[in-house]
Structure formats: structure tokens, C-alpha cells
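No value in this document is a laboratory result; all are computed from the given coordinates. None of these values were measured; they are calculated from a predicted model. Here the Cβ is made from the backbone with ideal geometry for all residues, glycine too, and neighbour counts use every protein chain on show.
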Amino acid sequence: MLTLDPGRNAGSIAIEGLVKRFGPVRAVDDVSLDIRAGEFLALLGPSGSGKTTILMAIAGFEYPDAGRILLGGEDITWLPPNRRNLGMVFQRYTLFPHMSVLENIAFPLKMRGIGRAEREERARDALRTVQLEQMGARQPAQLSGGQQQRVAIARAIVYRPRVLLMDEPLSALDKKLREEMQIEIKHLQREIGITVVFVTHDQTEALTMADRVAVLDHGRLQQIGAPRDLYEAPQTEFVAGFIGETNFWSGTAAIAAARGEAVAVRLDGGGVMPATAVSPLPPGGRVRLALRPERLRIAAGGEGLEARVTEAIYAGNATTLMLQAAGGQMLRLRIPAGAGLPEAAVGEAVTLGWQAADARAFAVTP
Amino acid sequence: MAAARSRPNRAGRMALNAAAYAVTVFLLLPTLIIIPMSVGPERFLRFPPAGFSLRWYAEYFHDAEWIAATLFSLEVGLIAAFCATVAGTMLALALVRGRLPGRGLVELLVVGPVIVPHVALAVAMFLVFERLRLTGTLLGFAMAHTVLALPFVVFTVLAALYRFDAELERAALSCGAGRFATFRHVTLPLIAPGVVSAALFAFIISFDEPVVSFFISDLDRKTLPRKMFEDIDYNISPTLAAVATMLTALTVLALLAGFVLKRAAERRAAARNG
Amino acid sequence: MSRRPSRFLLGGRRFSPAASLALAAPFLLLLLVVFLLPLATLLHESLFVPEPGIGNYARALQEPVYLRVMLRTLRIALFVTLLALLLAWPLALLMARSKGLGLALLAAAVLLPLWTSVLVRTYAWMVLLQRNGVVNQMLAQLGLSDQPMRLLYTEGAVVLAMAHVLLPFMVLPIYSALKGIPEDYSRAAQMLGASPWASFREVTWPLCLPGVTSGCLMVFLLALGFFVTPALIGGPQQMMIATLVSQQVREMLDWPFAGALVGILLFFVLMLTLLFRRAVRLDRFVGQA
């Protein structure tokens, strides 16, 4: 099994004030990131968010307009890709079609002037790491998509780089295989102790695999944190909407609130409900309220918000209700199965409620 | 830091690009340099020209022999383009949509006129045409040029047919159209840009064709390339520069038309997929 | 013709063999009468006139005059291929890396010569290279030569002009092979530690080799049987097989001997085509506008 010696911070990456323009567009807009050695970091965002450009800058295929990139404390911003000693796995399996599987894996060792015997031994070792030891003599085209991607990983780690870059490596695979590979890659990363920077537009994938996730939008870093922090404490409206399902609601702050304090929000459709201020709110300031469907509850009588059930969707582990609030607002409410929570039928009028901590109020900048 | 900021490999890439542009100039310059030379007033071609004059263009239009050769080439080109387009489109349909016995052999025949050196074909035609008294006749030229243009027509129409989504034919049939109506209203309109550009290039091939024309012309019926060939061989007169310029202009027009047709075909394909 | 035809066909089914044959009939008839019959007649002539046997072929291959012509033809075709390959490389590479307007302009620069009359292009070279032509005028003006140099009717001039005329046939297949290599391959190679040169040598070159083979073969084949350019630029001094055939037919009226020369030329061409059957992708040259 291939493992890395626990060097000092050799596998850490620091991105400082990175800017990359394509014509008038700022693809990456002043992004700073610290990636710890041995960490699995996901760069998550929709297309055009700048996540791939950041990866390409780390890899050396894009040179930034401003900022710098440090690898283990050393400035690599202007180093050509072949001298960075990073591993990379691409979106489409980029196995060289004119080389056998083993030759593909031995290629980086050949480029490093390593002798034939050692090359072959180390390539076989890497092939064993990805559990394909029987496939060395095959041609890439003879392998399935998942096998090809495993060979691509073996090829990217055979020369023991400190960092492995992955550019949506699983997007070409079907759903079941993708989920298997997610666990396999995660496992391999822990075993080897390699730093992984993983680009994806799939939030489930990012939450499943990463130690920390950096969410990007329009070239700006929105939030970086552990998956749980992103889901439960999104710092921007974009993050709240991009990760998981969210009900959004517009309103005004009834009172002033400091960051993290509870605040009463006067909803646009009528009603005053509790929330937690994500940023300081002035009284009467416009806010957007974000609320997860599973945190919305049918109140067993008492105060709350009036709404009518328009649709009920049963999905085994949970039931999702589509609701129309009195002001016309459409909402989703999820009731986990077996928790003994009150349910409701289509057409029924219900009263809704939630905890202040579960609703997050974002200041709307006019 | 300033030195380190220069991108790696930039020098190598710039050298390669410079070489590429030099090759582009090499490709275009010899043909383009003829254009300014054709408007010089003098009897000897000179670059740069000593003045501006359309004298040599006038010479061409007043010379009965040049005009006769041009009209004959035009006639041959139109007939050859028509015959090659019809026969080539039919064959392409048979290859894609039919069960053609001896398909491999037919495909070999298609590439025949491209693979076999034109001089070999020209001499062979000369021998047979002389026995059949076909040298210097419209029929002889039209047949010879049709055969030379056929491979290009077949390749172009094949490409158009492969791009064409055969599901559309099934859709037409399910709408109640018969086989012929389907071809007439669905298949043909959709491959039309391919067919028209095939006809265009078949015409250019015939109109420009020098080798076969060189052999099967006779003294009073000759094509434009044959007339040019004779004039080049005997005297490099500036009239030739004028003719060459006009021929190049014609090629540019044909290429532009071909480009427009290709864009039209792509737009149709995009409309179908989007 | 590499793609398999679609399975759903006009009327939901394919044309019957008889209907297919009817569609192919005009083509087959034309090829039979104007292609196969003339070639067969000429080759028959070469084998049976003046008497049955291979006398004409023996003469072509034994007499030093003719042997020299054949060796010159092979040599010129080889040099033309090498020169065209050398010139085509950077252009094909730049085209493969270009997009949009840049690519359109480069493609036009390749396609315009491809479709411009061979006669026009050969004539242009004659104008450039003749005794009082543009090149000699320039050299004199720059004071580089006191008297005009003899450029026309030299082997160098023939090679240069033919390489120019045939260059598009080299550029297009190499370009299309390069275009078929995803950019990620060379990126992957560089990521794995290959220098740009190593990435080219180990990845790009082997992957575009089919295009290079195809281009070289096309240019070599066309050069072997080329007539117009050698006839005008080479003249009788630099006679190649095609010009020799023409001379035998038009001046000596020796059809059987010309037939034998054509037979030898056809033998070369067919052998090469069969050897590299898979490399000859003629459809690459059509529909490129």
C-alpha cells in the first residue's frame, strides 16, 4: 500500500488574493483559501462560479492576473505544470489510448527518469492500491468507465505527489457507480494521507466526501466550512439556497438585532415569526428568511402561520407537503416517517411554526 | 519577479506560431501576387506594377479564342456538374439506404478516379476517345469530367446523409407520408445544402480541370485550362495574369457559397437538436 | 465511410438490392465506360502490341534514360512529401489550437489554394521564378546578384512548386488528427511531469500519426503522377513519369510504351494504397469548406 511520509506542511496549499479575468469577466475575484495538509477540500459551485479556474491555477494551466499560490510554503504561481509535482484526475478519463494500463501508470515515473524495473514495480503497486492488479496489460478502451477512472487515480498518485487535484472526476459515471467511487476515493485519501482538492457542482458529492467545502459563486468565495456548518449555518443567501432544499421568504425586521441574535420578522404575506439574524439588522430593514423544509412544523394548535395543503408527496422515508400560506407564498414541509409528528391531508388548513434558531434572516442589500 | 512572471514556453509557442504564419504567407502569396501584376500596363509582368491598366482584361474579352474556350468550359462544367450530382446523389442513397450487392467493390470504384493519377486516366481516355471520335466533343468532355467529379459528389452527399437524422423519415412516415413523399418533403430538403455544395464543387473541378483537357482537346474545341496551358507554354503574356486573377476570384466566390451552404446545413441540424 | 449507416431507413426499411442497383446504375455505367474501359484498353495495348509479352515493360525498366526518369520521379515525390510535412506541421498545430475567426481565416488560407486551379498556382510560380521574374528582380534590386539566376527548369523549383500545390493535402489530415486529440491529454501528460516537448513526443505525436501517415501518403501518391507542375516548371530537363507518358503519346505516338509506363505508375499507386488502405481517408478533403 502506497502511503506518504508524514512530512511537515508539504501538502498544504495557500491561495492568496487570486484574481483571474477572461475579457471583462472576473472568473475568479479575489479568492483566498488555506488548504491544510492531508485535508479533503471540495470546491463547490454552479458552472461559471470559478471553481475550475481555481483548480487550473493550482495545476498551472492558468496563470492568475493577481495573487499567488503557495504549495507547502513555496510560491508555485509561475511554475509550469510539469514542475509542480501535483497529481491530477480529469473529468473525462484521460488515459492515453496508445499505451497499456500499466504503461499509463508508469508514464509519470518515466518522465522522472526512473528505471524500467522500478517503474514497473511501482506501477503494479499503484494498480494494487486501486484493486485492478489483473488489468495491467489491458488497453484503456477495454476497461469500464469506473475502472478507467481508477487507473487515472493510480496514475496520479504513483509518483507520490503531496496533492491530488480532481476535476469533477465522477461526473461521467452513472449514479450507482458514482456513489461507490465516492466512498472508495474518500477511503483511499485517508489511507494515503494525501491532500485532495476536488471540484464538483454536485452538493451531495461535496457534502459526502469533503472534510471542508468551499462554496463559490460568480468568482467569489461565499463560505468555507465543514459540511454540517454549511448546511446548518449558511452565511449567505446563496449558500442557503445552493446547499440543500430551502424555503425563502421576504420580510422586514420588526426590531434591531445583532449578528446571531433572535429577531422577529414581519413577513410580506402577513404574520410575525421568529428567526436568527445572520448579519446585523436595523429595525425595518428588508430581510430574506431561509427555512429548511424539515424544520418547518405543523403546530398542534396555538399561534402560527395559516396555510393550506395543496399536495402531499409520499417518498417512503418522509412525506413532503406543498403548502400555500395565507399571503400566497408557496412552501415545502418535510415530515420524517416514524417520528410521530402530526401530518395533514390535501386541502386541509394547518398552522405552521418553527424555532427561531431554525430560520435564518439575511439582510437584503438594496 | 518580472522575469519570473513571463509565462513558461511562451518563446517556443511564439516561434511555432511565427512559422505557421510564414507557411500561410507561402501558401497564399504566389497566387495573390498575380493580382497586382495583372493590372500593370506593360508587356512584361512586373512587381510592383508600373501603373494601373485594365488592358489585359480587355485583351481577354476581345479575344475570340479565349471567349470560345471559356464558354466551352462553362458548358462542359454545367453538364458535368449536373450529371455528377444526379448520379453521385443516387449512388450515395444506394450506399446509405440500400442493400447494394458488392458494396465494397463499389466503394473502391468511388475512390478510383482520385487514386489513379489523372495523367494515366487522361492518356487512357485519349486512346479510347480517339477511336470513338470523341476527342474535342462536348459529350467526351462532359463524360470525362463527370467521372472526375463523381467521388467528391459522393463523399459530400454521404456526409450530408450521415448527418441527417433518419428518425425524421420515420416521423414523416408515421404522419402518413409515402416513401416518395417522405424523400421529396423531408429527406431532400434537409440534405439539399450538401447536394448543392456538391454540385458547386463538381462544377469547379470540371471548370479548372487541366490534365484530361490537355489530352482530349483538339485544335478547334478546347477548354479554358487547355487554352491557358498552351499560352503558358508558349508565352507568359499578361493576359494570363488577368485570366488567373478572374479564376481565383471565381474560386473565392465558390468557397464563400460553400461556406454559406455549410452554415445553413449546420443551422438546420442545430434547429433539429435544440 | 467510417460510420455505419443508420439502421432506420426510408420507408422503415432499406431499398431492395434491385432498387439499390438501379440507383447505382448511372454511376456504375459511367465508371465502366469512362474509367475502367479506357484503362483496360491502354493496359491491354501495353501487353499485346507490337507482340504479346512484357517487352514494353522491360524496355521501360531497362533503358537508363527511362530508369533515370523513374528514379527522379521517386526522388522528387519523396522530397515534396518531406518538405510539405515540414511546412504543414506548424500550420496544422496552430489551426488545432485556434477557434472562431482565427480558425476560419487559417482554414481559408488552406482551402483557397486547394480549390484554386493548379494551373493558376503553377503559372504564379513561373512568373515568380522566370529569368526576369519577381524573385530575380528582387535579388537584383537588393544587389544580391549581378545577373539573373536560372531558377525555372531546376529540380529545386519543381520540388518547391509541387510542395506548394500539394501542401493542403498534408495540412488537412494532420489538422483533423490533431483536432481529434482532446486537450486534456497533453494537460494530463504535463501534470504527470512531462515537459512540453516530452508531452508532444510521448502523447501528441503517436496519437496524430495516422493523420501524418494519411497526409504523407496522399501527397506522395499525387506527386508520383503529377503532370501540370512538372510539365511547366520542370520542362523536358526535369522529366517525370507523367511528362514522359505525355511525350510518348503526343510526340512519339508510342501508345504501347506509354501504356507500360502507366502500368508501372498504377502498380506503385495501387501497392501504396493497399499497404496503407486505412490511412487513405479521402473524405477528409471534401466538405471542408
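According to the square roots a ≥ b ≥ c of the eigenvalues of the Cα gyration tensor, what is the shape class of the range A:219-366, taking rounded for a/c under 1.5, prolate for a/b larger than b/c otherwise, and oblate for the remainder?
Oblate, since a/c reaches 1.5 and b/c is not below a/b.
Can you give the FRET efficiency to the nearest 0.05 for C:Arg277 and B:Leu256, using r as the Cβ-Cβ distance and R₀ = 35 Å?
0.50
Using a Gaussian network model of chain C whose springs link C-alpha atoms within less than 10 Å, name the residue from C:Pro182, C:Pro210, C:Pro113 with the highest mean-square fluctuation.
Ranking C:Pro182, C:Pro210, C:Pro113 by mean-square fluctuation puts C:Pro182 first.
Which of A:Pro24, A:Pro161, A:Pro227 moves most in a GNM of chain A, Cα contacts under 10 Å?
Per the Cα network of chain A with a 10 Å cutoff, A:Pro24 tops the list.
For every helix of n ≥ 4 consecutive DSSP H residues, a contribution of -39,500 (n - 2.57) applies; sum these over chain C, divide by its total residues, and give [θ] at 222 nm rounded to the nearest 500 deg cm²/dmol.
Estimated from H runs of four or more residues: -22000 deg cm²/dmol.
State, as an integer percentage, the relative contact order of chain A based on alpha-carbon contacts under 8 Å between residues 6 or more apart.
15
Just to be sure I understand the rule: take each whole DSSP H helix in chain B, project its Cα atoms onto its long axis, keep it if the span is 24 Å or more and its mean Kyte-Doolittle hydropathy is at least 1.0. Which ones pass?
For chain B, where a helix must reach 24 Å along its axis and average at least 1.0, the hits are B:10-38, B:64-97, B:138-163, B:188-208.
Any chance you could give the angle, 0 to 90 degrees and rounded to 10, that helix A:101-111 forms with the longest Cα principal axis of chain A?
It works out to around 70 degrees.
Indicate the helices, whole DSSP H runs only, in chain C that combine a mean Kyte-Doolittle hydropathy of 0.0 or more with a Cα extent along their long axis of 24 angstrom or more.
Within chain C the helices that satisfy the rule are C:64-97, C:155-179, C:205-224, C:255-275.
Quickly estimate the mean residue ellipticity at 222 nm for chain B, helices only: each DSSP H run with n ≥ 4 gives -39500 (n - 2.57), and the total goes over all residues, rounded to 500.
Taken over chain B, the calculation gives -26000 deg cm²/dmol.
List the pairs from A:Lys176/C:Lys99; A:Lys51/A:Lys176; B:Lys227/C:Lys179 whose alpha-carbon separation is above 30 Å, in the order I gave them.
Going by Cα-Cα distance, A:Lys176/C:Lys99; B:Lys227/C:Lys179 fall outside the 30 Å limit.
Rounded to whole Å and ordered largest first, report the semi-axes of the equivalent ellipsoid of chain A derived from its Cα gyration tensor (root of 5λ).
47, 25, 15
I want the antiparallel fraction of DSSP beta bridges within the protein assembly as shown, as a percent rounded to 5.
75
Just counting partner chain Cβ atoms within 10 Å, what average do the residues of peptide C:123-134 show around their Cβ?
Shielding by partners across C:123-134 averages 6.
Relative to the longest principal axis of chain A, what angle (0 to 90°, nearest 10) does the C-alpha long axis of helix A:116-129 take?
The angle comes out near 30 degrees.
Given springs between every Cα pair under 10 Å in a Gaussian network model of chain A, which of A:Lys176, A:Lys51, A:Lys186 has the largest fluctuation?
Highest fluctuation among the options: A:Lys176.
How crowded by other chains is B:249-260, given as the mean number of beta carbons from other chains within 10 Å of each beta carbon?
What the average comes to for B:249-260 is 3.
Based solely on its DSSP helices, what 222 nm [θ] is calculated for chain A when runs of n ≥ 4 H residues each add -39,500 (n - 2.57) and the sum is averaged over all residues, nearest 500 deg cm²/dmol?
-7000 deg cm²/dmol
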